[in-house]
Amino acid sequence: MKKTLALIAALVAAPVSLMAQDFSQGSQAKSWNLYGEVPAIFDAKVVDILCELTGDCPDNCGDGNRQLGLVRTDDDVLIFPNKNSQTGFQGASADLLPHCASTIGVDGMLIEDPDIGAQNIYLLQLIRPAGSDEWIKANTWSKRWAEKHPEAAGKGPWFRRDPRVKAEIEREGYFGLGLEEDKAIKAIVFE
Amino acid sequence: MKSLLLSTFVACGALMSPAFAAEGERISVKGEIIDTWCYFSGVMGGPDAVIGSAHHTCALWCSAGGIPVGLLAEDGTVYMVMKIEDSSDSASGDTQLRLASHVIEADGMLYKRDGLNYLVVEEVVTDLDIQVRNAEDFGTVPPFAIPKADR
């Protein structure tokens with residue numbers, strides 16, 4: 001009886017102990033001085049998150065149009081890479097797409113802030129492709145953007161030249177409230 | 001006793017299985033379409049500064065840049081938006097970009113997994129445009145959002 005109860009207790013406790021696992025050992029991730037950042041290096045399978053959740057699974061993880069996730073090998077936890085290693089405003093899907101359905105090594109920062117619901121959010125910095133010992137930087141988004149938008153080539157950061165962003169700002173202003181209100185707010189903010 | 005052990009094992013297995021975690025639930029929810037990286041990381045400031053009109057230009061940049069959009073509900077819950085109506089282009093899609101900073105009322109399916117809420121929006125019932133007018137309080141977030149020539 002005692003043995004059986006101990007086994008039941010161990011089974012119930014198993015997910016809790018897995019959640020508490022430390023993935024920081026051996027990480028080379030650089031701090032971004034973010035509240036709630038914790039270095040995390042682990043192996044994971046690259047998945048199309050919508051496919052993982054709902055069974056809606058197009059070829060090649062959605063060909064770069066969908067958010068990609070990381071199912072961690074050690075505990076099957078789905079990690080959501082929100083950001084790649086470039087400074088600026090780029091997600092991580094472009095860096096993960098070449099590794100769709102493969103198990104890779106990743107290194108970066110987990111963002112954990114329970115007060116605002118951040119759990120298993122990831123800043124992806126480095127990737128070790130399947131079968132390789134080399135770590136590569138997760139920094140390919142801007143290159144992909146430039147290939148996709150040759151008409152927007154020029155000086156300055158991509159987000160000042162992006163045709164869709166420019167069109168939205170031309171239509172609704174920087175504050176998104178219409179051009180007249182934009183002018184009025186600018187007068188207050190920059191007076 | 002064997003049957004108790006077996007049923008406990010099955011129950012624990014079900015709790016840990018991805019299929020259980022990904023079971024959907026129909027919901028209606030109202031909230032702002034936000035840029036989840038700025039919200040979760042705090043890189044641009046606190047939660048009140050990275051929503052609404054103050055942060056709109058940055059929300060456009062992040063959405064265009066493939067950073068996942070979320071829906072910030074009135075009770076503070078964040079839903080990671082995986083699909084909006086016919087568009088499953090959750091990485092830099094046109095629909096996500098067009099709705100940046102807008103408050104919407106949405107019907108859809110909620111999937112919970114590993115501490116995050118994932119939302120598949122089946123219908124945008126109402127698009128209320130930008131509701132949080134906080135630019136007068138915070139200016140532009142980040143401060144360089146508007147080029148000097150356009151100020």
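Among the residues of the stretch B:117-151, those that are without any contact (Cβ under 8 Å) to a residue 60 or more places away in the chain and buried (at least 17 other Cβ atoms within 10 Å of the Cβ) comprise B:117, B:118, B:121, B:124. If you go through the stretch B:85-101 and keep only what is more than 7 Å from every other protein chain (Cβ to nearest Cβ) and under 11 Å from the mean Cα position of the chain (by Cα), you end up with B:96, B:100. Could you tell me whether residue A:113 is out of contact with any Asp or Glu (no Cβ under 6 Å at 6 or more places or on another chain), surrounded by fewer than 20 Cβ atoms within 10 Å (Cβ to Cβ) and assigned by TED's automatic domain parsing to the domain that holds residue A:43? Yes: the conditions hold for residue A:113. If you go through the stretch A:77-96 and pick out every residue that is of a type in the set (Val, Ile, Thr) and touching a Lys or Arg at 6+ places or on another chain (Cβ under 8 Å), you end up with 1. Filtering B:27, B:51 for residues that are surrounded by 22 or more Cβ atoms within 10 Å (Cβ to Cβ) and either at pLDDT 95 or above or of a type in the set (Ser, Thr, Tyr) (or both) leaves a single hit, B:51.
A Cβ distance below 6 Å, combined with a sequence gap of six or more or placement on separate chains, defines the contacts here; from the stretch A:47-58, residues that are farther than 16 Å from residue A:102 by Cβ and facing chain B (nearest Cβ under 7 Å) reach residues that are in a loop (DSSP other than H, G, I, E, B) and charged (D, E, K, R) in the pairs A:50/A:56; A:50/A:66. Among strands (runs of 3 or more DSSP E) entirely within the stretch A:42-131, having at least 1 residues that are over 15 Å from the mean Cα position of the chain (by Cα) singles out A:103-113, A:118-128.
Here's the yes/no breakdown for (1) of a type in the set (S, T, N, Q); (2) touching a strand residue (DSSP E or B) at 6+ places or on another chain (Cβ under 7 Å):
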{"site": "A:122", "(1), (2)": "no, yes"}
{"site": "A:126", "(1), (2)": "no, yes"}
{"site": "A:131", "(1), (2)": "no, no"}
{"site": "A:136", "(1), (2)": "no, yes"}
{"site": "A:139", "(1), (2)": "yes, no"}
{"site": "A:143", "(1), (2)": "no, no"}
{"site": "A:152", "(1), (2)": "no, no"}
{"site": "A:160", "(1), (2)": "no, no"}
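Checking the stated criteria, residue A:142 turns out not to satisfy the condition of being outside any strand (DSSP E or B), within 26 Å of the chain's Cα centre (by Cα) and closer than 30 Å to residue A:76 by Cβ. When the residues of the stretch B:120-131 are filtered to those that are facing chain A (nearest Cβ under 10 Å) and not acidic (Asp, Glu), the one that is farthest from residue A:88 (Cα to Cα) is B:120.
Residue selection: residue B:114 satisfies the criterion of being at the interface with chain A (Cβ under 7 Å from one of its Cβ atoms), over 19 Å from residue A:181 (Cα atoms) and surrounded by fewer than 22 Cβ atoms within 10 Å (Cβ to Cβ). Taken over the stretch B:35-80, the criterion of being within 19 Å of residue B:144 (Cα to Cα), more than 7 Å from chain A (Cβ to nearest Cβ) and not in a helix (DSSP H, G or I) is satisfied by B:35, B:44, B:45, B:46, B:48, B:49, B:50, B:51, B:52. Here A:128, A:164 are screened, and the one residue that is among the basic types (Lys, Arg) and in contact with a helix residue (DSSP H, G or I) (Cβ under 8 Å, 6 or more places away or on another chain) is A:164.
Only one of the numbered conditions (1) more than 10 Å from chain B (Cβ to nearest Cβ); (2) surrounded by fewer than 22 Cβ atoms within 10 Å (Cβ to Cβ) is not met by residue A:125, and that is (2). The single residue among A:116, A:127 that is at pLDDT 95 or above, farther than 25 Å from residue B:102 by Cβ and aliphatic (A, V, I, L, M) turns out to be A:127.
Only one of the numbered conditions (1) free of Cβ contacts under 8 Å to residues at least 24 places away in the same chain; (2) crowded, with 20+ Cβ neighbours inside 10 Å is violated by residue A:138, and that is (1).
The values are calculated or read from the model by the stated rules, or taken from the named source; none is laboratory data. All values derive from a computational prediction rather than experimental measurement. So basically every Cβ, Gly included, is an ideal-geometry build from the backbone, and we count neighbours across all protein chains shown.
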